[in-house]
Structure formats: C-alpha cells, structure tokens
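Here's the structure we're looking at; comments come further down.
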Amino acid sequence: MRKGLRLLVLGISLFIVLMTQLYAAEYTFTTIDYPGAAATYAHGINNSGKIVGAYHNFAFGFTFPKPYGFIYDGSTFTTIDYPSSSLTVASDINNSDQIVGFCVIGNGVQGFIYNNDEFTSITYPEADETYVYGINNLGKIVGTYFDNANVTYRGFIYDGTTFTTIDYPGADETHLYSINNSGQIVGIYVTSGVPHGFIYDGNAFTTIDYPGANSTEVYGINDSGQIVGIYISGDIKHGFLATPVPVPASLFLLSTGLTGLLSIEWFRKRKKDQWFRLNRLRHFCKSYCCLTA
C-alpha cells in the first residue's frame, strides 16, 4: 500500500514538473507598430514598460528612407535621432531611462548611450563596426562587433572596463541585444541565413521562435522575463511582446501537498527503520546476557 502511494506521488510530481515547464514556455503576444510607418522594430523594454526601437517610413523613388529611433511609453511615440547620422537605432533602455543603440556617421558604425538628451559614443577596440544593443541597471552592456580576422559578427559583454566575446555554439553569427539585472541575455543567432531568437542565462542557450513565423529576432528582456522583438510573416515585419505565462497556483499547491506527503512517508520509514534497529539491538543484548549468565 505504502509502496503504491509512493509511486503515485512520484508520478504526479513528475507530471507537475513537466506541466511547469510547459506553462513557462508559453507567451501572450501583442503587436506594436509605429503610426504610419512602413516597418517597426521593437528592441528593448524596461520594468516600467517603456519600449525603444526603430522605424522607417515608406520609400519614394529609389531613395531608402532614413531609419529613426523611438521610445514608446505605452501611449506616445517619441523619435530619437543621433546628430549628423544617416541612421539611428535605439536598442535598449534601463530603469534609469538610459538608452543605448548605434548609428551610422559617414562610413562608420558606432554605439552610443543616450541619457538626459545627451549622446556618448562607444567603440569596440580595433573593430570596424560596433553595435551597442543592451544595458542593465548595473551598467553592463551587450552588443555586437565585426571580427575582421574571422569575417563574421560576434557578440560581446562590456562591464565598463573589459570586453568579453560570446558565441552561440555552431552558429554563423551571434548578436547580443539585451541583458537584465539577473544577467539573462537575449539576442539572435544565424544559421544558413535564417535568424532565430535565443535567451542565454550565463550557462546555456535556449532558442525562442514566434509561432508560425518565417524567422524571429529577439531584442529585449526585462526583469519580469518579458521579451520584445520582431517576426516575419510572409513579407511583413511585425514587432511583438512576449510575456511569460505564470504557473497556475493549483499546480503550486498540489506540488506543496505532495512534498508534504513524501516528507511524512520518509519520516515514517525512518522511524520504522530506527525501531527495527533498536529492536535488533535489544534482542542481541538479551541473547548475549543469556549466553554469559
């Protein structure tokens, strides 16, 4: 009877673990488009729900429209434009409303921090191109640089003094876009020309793909685990917000109850074993006394 109970409890516990993982992998999605723009790219989000990214208008003739950065507070879009640049992209925002991104000036690409209406440039040492994509409240920055020696794009983490390269295993390219205060990093990797989103926790990479999309690019994550990015469906690009679905309280309560049952069963077994050993010791002492009497 007790053996059957233990097997039942263990089976249900395994089911709860699987269901917890299933719920944690689900999201609800909301499309975000800059009003009147031809394309919108949602790149970063902070804990206040402020979102930054880029947009461009429709092209006329053979002239490609200039992309602009933006910040969206949930009701209003505000444009961000690096002075004298031909392209400005806002990539991420922290809880102090510091915005990081990159811009094109002449033939060069440089990263920047935008704070209190002022820009400060950031350049990876000896790299022709530097793209700054993410910053957290601890001041850690993530981005991408072009590796001239290997002719590819590689991700990096910058702590204010040191750059550290990060590569997705087996990928042709790796781009790091955002880092939260727990150290979780999101970005994209490219294989055979197709981009996929991912999350990196400092130890392992996990792929994130928008359901039914041709490709997915993940650009931002906040401390609540909310993720933003873009997906391509057909020939149209859309921004998206992905929010983790919480584990139902019923599963938590059930797991707590099962843990209690297992604990009770363990203590009963331990008590029984102790009684059995004590009884054997008493029997041994009694037998020994009889033999030596």
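The values are calculated or read from the model by the stated rules, or taken from the named source; none is laboratory data. None of these values were measured; they are calculated from a predicted model. Cβ coordinates were reconstructed from backbone atoms using ideal geometry, including for glycine residues, and neighbour counts include every protein chain displayed.
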Item to check | Condition met for Tyr145 (surrounded by fewer than 21 Cβ atoms within 10 Å (Cβ to Cβ), under 23 Å from the mean Cα position of the chain (by Cα) and hydroxyl-bearing (Ser, Thr, Tyr)) | outcome: no
Checklist outcome for this item: Scanning the stretch 74-88 for residues that are of a type outside the set (Val, Ile, Thr) and within 17 Å of Pro35 (Cα to Cα), the one surrounded by the fewest Cβ atoms within 10 Å (Cβ to Cβ) turns out to be Ser75
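Quick grid of which residues meet (1) within 20 Å of the chain's Cα centre (by Cα); (2) surrounded by fewer than 23 Cβ atoms within 10 Å (Cβ to Cβ); (3) closer than 22 Å to Asp73 by Cα:
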| site | (1), (2), (3) |
| --- | --- |
| Gly111 | no, no, no |
| Phe119 | no, yes, yes |
| Arg154 | yes, yes, no |
| Asp159 | yes, yes, no |
Next on the checklist: Looking for something surrounded by fewer than 14 Cβ atoms within 10 Å (Cβ to Cβ), touching a strand residue (DSSP E or B) at 6+ places or on another chain (Cβ under 8 Å) and at pLDDT below 90 - is there at least one such residue anywhere in the stretch 215-227?
Outcome noted: yes
Item to check | the stretch 83-112, subset in a loop (DSSP other than H, G, I, E, B) and at pLDDT 90 or above, residue farthest from Tyr131 (Cα to Cα) | outcome: Ser96
Item to check | Conditions (1) buried (at least 17 other Cβ atoms within 10 Å of the Cβ); (2) within 23 Å of the chain's Cα centre (by Cα); number of the one not met by Pro169 | outcome: (1)
Checklist entry - Can we say Asp159 is touching a residue at least 12 places away in the same chain (Cβ under 8 Å), of a type in the set (Asp, Glu), touching a strand residue (DSSP E or B) at 6+ places or on another chain (Cβ under 6 Å) and closer than 19 Å to Asp201 by Cα? => result no
Next on the checklist: Which count do you get for residues in the stretch 226-240 that are in contact (Cβ under 8 Å) with a residue 40 or more places away in the chain and out of contact with any Gly (no Cβ under 9 Å at 6 or more places or on another chain)?
Outcome noted: 2
Checklist entry - Applying the selection to the stretch 32-80, what residues are at pLDDT below 80 and more than 23 Å from Cys103 (Cα to Cα)? => result Gly61
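Would you call Asp201 acidic (Asp, Glu), surrounded by 13 or more Cβ atoms within 10 Å (Cβ to Cβ) and farther than 16 Å from Gly111 by Cβ?
Criteria not met by Asp201.
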